[in-house]
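Beneath this line is the structure, given in structure tokens, with notes to follow.
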Amino acid sequence: MMLPLTPEIVALVLLPIFVVGASIGSFLNVCISRWPAELSVVKPRSRCPRCERPIAWHENIPVISWLLLRGKCRGCELPISMQYPAVELLVALGWVACFFYLDITLEALRMAVFGTILFGIAVTDAKHYLIPDGFTITGLVFVLGMAIANFFVGETTQFAAPWNALLGACVGAGAITIIGWLAEVAMKREAMGFGDTTLMAVVGAALGPERALLTIIGGAFVGAVFFLLFVAPIVWVRNRKSGKEFEFPDVPFGVFLAPAAMLALLWGDRLIVWYMQRAFPP
């Protein structure tokens with residue numbers, strides 16, 4: 001049930017949730033930057049990569065500090081990536097949307113955290129072509145833990161039940177591993193990293209086996225279309241100018257699996273029912 005959009009709800013509920021979401025988005029930026037380099041996300045304090053000036057607390061306020069600093073380091077004026085306020089703002093809006101549409105419930109919290117983890121994975125994979133274990137291990141523990149908790153709470157949920165979550169994790173990880181092996185045989189090179197396997201274990205645990213497979217199909221379809229329409233032509237033109245033969249570039253599959261998983265969570269069951277009714281009419 002949606003929250004009523006009154007001034008009191010906005011001021012006392014949605015605004016604090018926005019602040020919490022932005023703060024989590026700020027921490028997510030730390031994870032995106034440090035986990036691929038196998039650095040701690042706890043210490044040392046954030047600092048400028050050029051002048052190594054420590055960032056004061058008032059320079060680290062989500063979104064606001066970036067605007068006040070005009071996107072530059074106060075010490076050396078090194079430009080600060082637009083990624084930082086963008087991630088903070090999008091995570092904050094995502095958290096507000098979850099609690100606005102699902103009320104103050106365990107389901108809203110699960111949806112917000114799961115979406116945040118998927119978003120972090122997508123951004124990290126896009127930047128570094130890597131899905132750190134920090135995201136997937138955290139995600140798997142959270143998803144399975146919340147499945148068990150909800151078993152006792154008994155709240156209506158779009159997430160998989162405990163046993164279905166375990167089966168989904170196995171199916172998701174197993175299916176993507178087989179697909180990666182087949183792609184490797186066809187392309188005669190490594191086609192998929194282990195991070196995609198652990199990501200699909202998390203997705204399968206959250207969604208169950210049927211929607212995990214739907215996530216792979218949806219992610220593969222969108223990824224293939226993106227590759228054929230945008231990536232392949234650019235690579236072909238560059239190779240033609242340099243006289244090189246065409247080679248398949250690396251494609252960060254997590255960028256497509258993450259949003260596909262969120263869509264499968266929200267509308268996967270209806271899509272599966274729609275397909276089954278038309279593929280196997282009574």
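Please treat every number below as a calculation from the coordinates, not as lab data. Quick caveat: nothing in here was measured; it's all calculated off a predicted structure. Cβ: placed from backbone, ideal geometry, glycine included. Neighbour counts: every protein chain shown.
Trypsin sites (Lys or Arg not before Pro) within the range 184-275: which are DSSP loop residues with at most 15 other Cβ atoms inside 10 Å?
For trypsin sites (Lys or Arg not before Pro) across the range 184-275 that sit outside H, G, I, E and B with at most 15 neighbouring Cβ atoms in 10 Å, the list reads Lys188, Arg189, Lys244.
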Check: Taking the chain as a Gaussian network, Cα atoms linked when under 10 Å apart, which of Leu144, Leu67, Leu14 shows the biggest mean-square fluctuation?
Finding: Leu67
Notebook entry, point to check: What order do you get for Phe256, Phe152, Phe135 when you list them from fewest to most C-beta neighbours inside 10 Å?
Noted result: Phe152, Phe256, Phe135
Margin query: Which three extents, in angstrom, do the Cα atoms of the range 131-282 have along their principal axes, listed largest first?
Written below: 63, 43, 23
Notebook entry, point to check: Hey, with R₀ at 22 Å, roughly what FRET efficiency would Val273 and Ile217 work out to, going by the Cβ-Cβ distance, to 0.05?
Noted result: 0.90
Notebook entry, point to check: Label points 7 Å out from Cα along the Cβ direction at Ser40 and Ala126: separation in nm?
Noted result: 3.1 nm
Notebook entry, point to check: Restricting attention to the range 68-136, which trypsin sites (Lys or Arg not before Pro) occupy a DSSP loop and are surrounded by at most 10 other Cβ atoms within 10 Å?
Noted result: Arg70
Checklist line | Residue with peak Gaussian network fluctuation, the chain [Cα springs, cutoff 10 Å], from Glu155, Glu77, Glu245 | finding: Glu245
Check: Rounded to the nearest 500 deg cm²/dmol, what is the calculated helix-only ellipticity per residue at 222 nm for the chain, with -39500 (n - 2.57) per DSSP H run of length n ≥ 4?
Finding: -22000 deg cm²/dmol
Next item on the list: Rounded to the nearest 0.05, what FRET efficiency do Asn60 and Lys244 give with R0 = 51 Å and r taken as the Cβ-Cβ distance? Could you check?
Entry: 0.70
Notebook entry, point to check: Counting pairs of alpha carbon atoms under 8 Å apart in space and at least six apart in sequence, what relative contact order in percent does the chain give?
Noted result: 17 percent
Notebook entry, point to check: With each label point set 7 Å from Cα along the Cα-Cβ vector, what nm distance links Leu15 and Phe280?
Noted result: 5.4 nm
Margin query: Order 43-51, 159-167 from most to least packed using the mean count of other Cβ atoms within 10 Å.
Written below: 159-167, 43-51
Note to self: Are there DSSP H segments in the chain that both extend 24 Å or more along their axis (alpha-carbon positions) and score a mean Kyte-Doolittle hydropathy of at least 0.0? List them, or say none.
What the structure shows: 15-34, 83-102, 106-128, 133-153, 162-187, 209-226, 254-279
Checklist line | Taking the convex hull of Cα positions in the range 161-201, its mean projected area over all directions (nm²) | finding: 2.5 nm²
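Averaging over all projection directions, find the projected area of the Cα convex hull of the range 117-199 and quote it in nm² with one decimal place. Walk me through the numbers before you get to the answer.
On the way: hull surface 23.9 nm².
Average projection, Cα convex hull of the range 117-199: 6.0 nm².
When each pair of different Cα atoms in the chain is counted once in the 1/r mean, what is the Kirkwood radius in angstroms, to one decimal? Don't skip to the end; give the middle numbers.
Details: mean 1/r = 0.0483 Å⁻¹.
So the Kirkwood estimate lands at 20.7 Å.
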Check: When Ile9, Ile24 are ordered from fewest to most other Cβ atoms inside 10 Å of their Cβ, what list results?
Finding: Ile9, Ile24
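Expressed in nm to one decimal, what extension gain is obtained for the pair Val141 and Leu266 from 0.36 nm per residue of sequence separation less their Cα-Cα distance?
So the extension gain works out to 42.9 nm.
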